[in-house]
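These notes concern the structure reproduced below.
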Ligand code: MG
C-alpha cells in the first residue's frame with residue numbers, strides 16, 4: 001500500500017472506530033480509494049467483538065475481544081480477512097494495524113503467490129501471527145473467488161467429512177446464569193468445558209444434571225499438579241469426556257509426558273503449539289494438536305500443520321478465537337481434515353458482520369460459496 005492509500009485507510013479506520021459503519025459502507029469507501037489496477041490493494045479497520053457472555057478463563061475474564069477487519073481488492077474482486085487478538089496472544093489493534101501499515105502488497109500482481117507473500121510478511125516482522133493470518137485469509141478468499149471455488153474443494157476435501165463442533169461453556173457462580181448457559185448448549189452434539197478454575201467439578205456436575213452429550217475439556221494450562229491432573233482425567237473419563245486440552249502449563253513438558261503416559265483420555269496441545277515447526281515437538285508430549293488460524297498465520301500453514309500431524313499419527317483439532325464468521329468460515333474449510341472442531345467463535349459474539357459457514361444439527365456445514373464462503377451482512 002502506498003502512503004496516500006495508507007493515510008486514507010488510517011483515516012477510514014479512525015472514522016469507523018468512532019462511529020459504527022456497516023461493512024458494505026466500508027466497501028463503498030474502500031472502492032473510492034482503490035489503489036493500482038492489477039495489484040493487490042490492502043485496507044483494514046479495527047472492529048471490536050462484543051461477547052454475548054463474559055468469558056471466565058483460568059487466568060482472566062473478558063467481555064470483548066479486539067479485532068481488525070481486512071480487505072484485499074484485486075481486479076474488481078474483494079477478499080475478506082480478519083485478525084482476532086485475545087490478550088494472551090500478545091497482539092493488539094495497535095500491533096496489528098502497525099504491521100499491516102508496513103506491508104506493501106501493491107508490489108504483488110498475482111494473488112496466487114501466497115507462499116511468496118508469506119515469505120515477504122515474515123521478512124517484515126517475525127511474530128504478528130494474527131496480523132499475518134488476516135492477510136492470508138483475505139488472499140485465500142480472493143484466490144477462491146478468482147477460481148470460483150471454495151477452498152475445501154480446491155484442497156480436494158469431502159464436505160460430508162466435517163465433524164460436529166463443540167460449543168464452549170464456562171462456569172458462572174449465579175445458578176440462573178449457569179442454567180441459561182447450559183440451555184444454550186442444547187443444539188450442539190459436543191460441549192467444550194473451560195476448566196482450571198476452582199469450580200471444575202461443579203461445572204461438569206451442573207452440566208450432567210441437564211445433558212449426557214459428550215464433553216471435551218480445556219484446562220487452559222490451569223492444572224499445576226500432575227497427580228491432580230491425572231485424577232481429573234480419570235474423573236472426566238467416567239463422565240463421557242472425549243479429550244483434555246492443554247491440561248498443564250505449556251512449559252511443563254515432562255509433567256505432560258508423565259500425564260499422557262497414564263491418562264485414559266487423549267491430551268491435546270493448544271497453548272503449546274503455534275506454527276508448523278511446533279508440530280514435531282508436540283508429538284513428543286501430546287496425542288494431538290489444536291490448530292487455530294490466528295496462531296498458524298492463516299490457512300496456508302494450518303493446512304501444512306494438519307497434514308504433518310496426520311503423518312505423525314496425531315489427532316487434529318481445529319479451533320478458533322472469538323471471531324466473526326469471516327475467520328471461522330476460513331478455518332471451516334479445513335474441517336473435513338480434522339477429528340474434532342471447536343468452531344463456535346462466531347456464535348459467542350453479538351455483532352457478527354458476516355454470513356458464512358453454519359452449524360446444522362451440531363455439524364460444521366460448508367457451502368458452495370467460493371473462497372472462504374462469506375458475505376458481509378448488516379449488523
Ligand atoms: Mg484451548
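The values are calculated or read from the model by the stated rules, or taken from the named source; none is laboratory data. Please read all numbers here as calculations on a predicted model, not as lab measurements. Cβ atoms come from the backbone with ideal geometry, glycine included; neighbour counts cover every protein chain shown.
So here's what we get for this one:
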read-out	value
Where a residue in segment 215-230 is in the same structural domain as residue 259 (by TED's automatic domain parsing) and its partner, wherever it lies, is surrounded by 22 or more Cβ atoms within 10 Å (Cβ to Cβ) and assigned to a helix (DSSP H, G or I), with Cβ under 6 Å and at least six apart	217/236; 223/229; 226/259; 229/259; 230/259
Residues located in segment 324-335, provided they are away from the ligand (no atom under 16 Å from the Cβ), within 17 Å of residue 158 (Cα to Cα) and either assigned to a helix (DSSP H, G or I) or free of Cβ contacts under 8 Å to residues at least 24 places away in the same chain (or both)	329, 330, 332, 335
Filtered residue count, segment 257-270, keeping only those that are within 15 Å of the ligand (Cβ to nearest atom) and out of contact with any helix residue (DSSP H, G or I) (no Cβ under 8 Å at 6 or more places or on another chain)	3
Single residue of 119, 115 found to be part of a helix (DSSP H, G or I) and out of contact with any helix residue (DSSP H, G or I) (no Cβ under 8 Å at 6 or more places or on another chain)	119
Which numbered condition residue 321 fails, given (1) within 27 Å of residue 67 (Cβ to Cβ); (2) in a loop (DSSP other than H, G, I, E, B); (3) modelled with pLDDT of 95 or more; (4) touching a helix residue (DSSP H, G or I) at 6+ places or on another chain (Cβ under 7 Å)	(3)
Qualifying positions in segment 336-352 - within 19 Å of residue 136 (Cβ to Cβ) and either within 16 Å of the ligand (Cβ to nearest atom) or modelled with pLDDT of 95 or more (or both)	337, 338, 343, 345
Residue in segment 84-106 that is within 18 Å of the chain's Cα centre (by Cα), assigned to a strand (DSSP E or B) and not assigned by TED's automatic domain parsing to the domain that holds residue 351 present	yes
Odd one out for residue 233, checked against (1) more than 19 Å from residue 178 (Cβ to Cβ); (2) within 25 Å of the chain's Cα centre (by Cα)	(2)
Unmet requirement for residue 301, which otherwise passes all of (1) part of a strand (DSSP E or B); (2) over 22 Å from residue 66 (Cα atoms)	(1)
Residue in segment 344-351 that is outside any loop (DSSP other than H, G, I, E, B), touching a helix residue (DSSP H, G or I) at 6+ places or on another chain (Cβ under 7 Å) and over 26 Å from residue 243 (Cβ atoms) present	no
Considering residues of segment 271-298 that are assigned to a helix (DSSP H, G or I) and within 16 Å of the ligand (Cβ to nearest atom) only, the residue farthest from residue 138 (Cα to Cα)	282
Looking only at segment 237-256, and only at residues there that are within 16 Å of the ligand (Cβ to nearest atom) and touching a helix residue (DSSP H, G or I) at 6+ places or on another chain (Cβ under 7 Å), the one that is nearest to residue 315 (Cα to Cα)	244
